[in-house]
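> Pasting a structure below so you can have a look.
Since every read-out is calculated from the coordinates, none of them should be taken as a lab result. This one's a predicted model, so the numbers in the text were calculated from it and none came from an experiment. As a convention, Cβ positions derive from the backbone with ideal geometry for all residues, glycine included, and neighbour counts pool all protein chains shown.
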Amino acid sequence: MNILFLAHRVPFPPNKGEKIRTFNQIKHLNEQGHNISVCAPLEQNNEIEFFHSLEKKYCQQTAYSPLAHKKLRLLKGLLTGKALSVANFYTVLLQAKVDELLTQTNFDAIICTSSAMAEYIYKSKNLKLLPKQPVLLMDFMDLDSDKWQQYSNSSKIPMKWIYQREAKILLNYEQQITRDFDTSFFIADAEVNLFKQQSTSVGKVLTMGNGMDTDSFIPAPTAPQNEAPVFLFTGVMDYKPNVDAVVWFVEKVWSAIITKYPKAKFIIAGMKPSAQVKELEKLTGIDVTGFVDDILPYYHRSDYFVAPFRIARGVQNKVLQAFACGLPVISTTMGAEGIDCKVEKDILIANTADEFLQCVERLEHDKPLKEKLKTNALTLIHEHYSWAGKLQVLDDVLNGKV
């Protein structure tokens, strides 16, 4: 089949959530013998080489165009009544390239990654003129409208109003997409169920989960010999849910941990740390790394992974990565949502500062519990989180079996 991916970001390198997901879909479908084309907006000039890397190994062709200045894009969204996240990724230059690709290649299917990319379908002049209409698939990944609602609930005016506007407009847009596209996907059953609860009229919606690359994320050859516990959090550190998570953990939990374990360390590893995150490094035991070339050594040098999310949607890849690296994970209920793990068997759950501290003390004093969590979580990843298994539903949809 000829398959066109309309991605809101170039899905290479696979170093953050949505890029990991889309890249593995492309890699999987390419291995199945499909001809893949990728079209995405260009956010920075250094991304051009990423498109070339995709084309060398995974794609027949790629196309890209630079975005206008972000303030202009968002202003246009406000003036036209569009969702800001939709306006943020739209450019007429890329629209022209999408339409050109549609006339050059007979695509059997088009896969959009995120609701923002549906705009290129709706505004296409050439798509409706094709003699054979391609199958339209939408990978929402997360329920973004609910994420914006969570932002609104935790923000003050005027951002509260802006986030509320985005949540309302985007939910209506998400519903429209499911009616107009052949099949839409969310990352977890919880996302599908919540979307259906919040919606009045929807089309065909299925769950397509995330897998884990167990060749890239592996346990340390030997356990770290740290003199005090080392905690890890990874992610893009200007992303609001990540910022909220680490700031809450430091403000509410860290002082108690340092009092109990004066030489403890908390590593916050990830690109683009916000000013608020950088400030945390002034406190005892906290290391804010910024961008790192390879995240694996940070998993290997740490004793525990913390996922103290209070704002989140979908599945946290970072938790799956920690499982694959054999790290015990302490998470809020929200941080573990969408992952098929069992409390006390694969993961420990803590939703308050006291509960986080209690979990740390349990793990520090109960080595069998620590080993059990590591072993069980690693087994869970290998038995239930292969990419081939998680993407079977995509194969079935493309082959008309679902």
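> How do the peptides 32-45, 386-399, 67-80, 102-115 rank, highest first, by the average count of neighbouring beta carbon atoms within 10 Å per residue?
The densest-packed peptide leads the list: 102-115, 32-45, 386-399, 67-80.
> Just to confirm a number: summing +1 for Lys and Arg and -1 for Asp and Glu over residues other than Asn24 whose beta-carbon lies under 14 angstrom from that of Asn24, what do you get?
Once all neighbours under 14 Å are counted, the net charge is 0.
> Counting Lys and Arg as +1 and Asp and Glu as -1, what is the net charge of the other residues whose Cβ lies under 10 Å from the Cβ of Thr332?
-1
> Quickly rank 313-322, 297-306 as a protection proxy: mean count of other C-beta atoms within 10 Å, highest first.
Working: 313-322: 25.2, 297-306: 21.0.
For the peptides 313-322, 297-306, the packing ranking is 313-322, 297-306.
> If you don't mind, another one. So what is the 222 nm mean residue ellipticity for the chain from helices alone, if each DSSP H run of at least 4 adds -39500 (n - 2.57) and you divide by all residues, rounding to the nearest 500 deg cm²/dmol?
Per the formula, -13000 deg cm²/dmol.
> Another question, then. Based on Cβ point charges of +1 for Lys and Arg and -1 for Asp and Glu, what charge dipole magnitude is obtained for segment 230-384 about its Cα centre, in debye rounded to the nearest 20?
Here segment 230-384 has a charge dipole of around 120 debye.
> When the convex hull of the C-alpha atoms of the chain is computed, what volume per residue in Å³ does it have?
142 Å³
> When only Cα pairs under 8 Å and 6 or more residues apart are kept, what is the percent relative contact order across segment 234-280?
63 percent
> Mind pulling the angle between the C-alpha long axis of helix 367-384 and the longest principal axis of the chain? Nearest 10 degrees, somewhere in 0 to 90.
10 degrees
> So, by mean Cβ neighbours within 10 angstrom, what's the order for 81-89, 331-339 with the highest one leading?
331-339, 81-89
> Something else about it: Helix 353-365 versus the longest principal axis of the chain: what angle, 0 to 90°, nearest 10, using Cα atoms?
Here the helix axis deviates by roughly 60 degrees.
> Right, here's the next one. Classify segment 152-231 from the C-alpha gyration tensor, please: rounded if a/c falls under 1.5, else prolate or oblate depending on whether a/b exceeds b/c.
Since a/c reaches 1.5 but b/c is at least a/b, the shape of segment 152-231 is classed as oblate.
> Just tell me which lysines come within less than 26 Å, Cα to Cα, of Lys265; anything on the same chain fewer than 8 places away is out.
Qualifying lysines at Cα under 26 Å: Lys16, Lys240, Lys252, Lys278, Lys282, Lys318, Lys345, Lys367, Lys370, Lys372, Lys374.
> Given the C-alpha atoms of segment 230-384, compute the convex hull and give its volume per residue in Å³.
Working: hull volume 15.2 nm³, N = 155.
Hull volume over Cα atoms, normalised by residue count, gives 98 Å³.
> Relative to the first principal axis of the alpha-carbon coordinates of the chain, what is the inclination of helix 144-153, with its axis defined by its Cα atoms, in degrees from 0 to 90 and to the nearest 10?
50 degrees
> Now, a different point. Rounded to the nearest Å, what's the spacing between the alpha carbon centres of segment 160-231 and segment 249-264? Just the number, please.
Centre-to-centre (Cα) distance: 31 Å.
> Search the structure for amide H atoms under 5 Å from the amide H of Thr62, placed 1.01 Å from N in the peptide plane, and list their residues when 5 or more places away or on another chain.
Sorted by chain and number, the residues that satisfy this are Val38.
> Let me ask something else about it. Remind me, relative contact order of segment 173-233 in percent, using alpha carbon pairs under 8 angstrom and six or more residues apart?
Relative contact order of segment 173-233: 34 percent.
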